[in-house]
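Shown next, in structure tokens, is the structure this report addresses.
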Amino acid sequence: GVAMSAETNTAQADALAKFQANPRVSRIRLIVTPDACPACSAVEGAYSKGEVPELPTLGCSHPLGCRCFYEPALTEIYP
């Protein structure tokens, strides 16, 4: 229910903050599920750190709610 969504949103916000603070992360990808609604499908892609859309996606119409998540794009693969 609502509590789960709030936890998910907080987890995504925390993840985004960590990715933005990590110098090895060059860009941040917004990943959507295969059955994502049109609003979520429209925001799928890679963004610079300062231009990442907030989650949940505004206007998400999926019955299960927004299930998008962030994934870091690293500047280097190995430390």
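Values computed for the structure shown
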quantity: Within the accessible area of the chain (1.4 Å probe), percent carbon and sulfur; calculated: 60 percent
quantity: The chain - Cys residues lacking any other Cys C-beta under 4.7 Å; calculated: Cys37, Cys40, Cys68
quantity: The chain: most fluctuating residue of Ala21, Ala46, Ala36 per GNM, C-alpha cutoff 10 Å; calculated: Ala21
quantity: Nearest-ten-degree value, helix 2-21 long axis tilted from longest Cα axis of the chain; calculated: 20 degrees
quantity: Neighbour-limited loop hits for GluC sites (Glu not before Pro), the range 28-79 (at most 13 other Cβ within 10 Å; DSSP other than H, G, I, E, B); calculated: Glu54, Glu76
quantity: Positive-end residue, the chain charge dipole about Cα centroid, Cβ charges, pick of Phe69, Tyr47, Ala36; calculated: Tyr47
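The values are calculated or read from the model by the stated rules, or taken from the named source; none is laboratory data. Only a predicted model underlies this, so the values are computations on that prediction, with no experimental measurement involved. Quick reminder, even Gly has a Cβ in these numbers, built from the backbone with ideal geometry, and neighbours come from all protein chains shown. Surface areas here come from the heavy atoms of the whole protein model, side chains and all, with no ligands, DNA or RNA. Shrake-Rupley method; radii C 1.70, N 1.55, O 1.52, S 1.80 Å.
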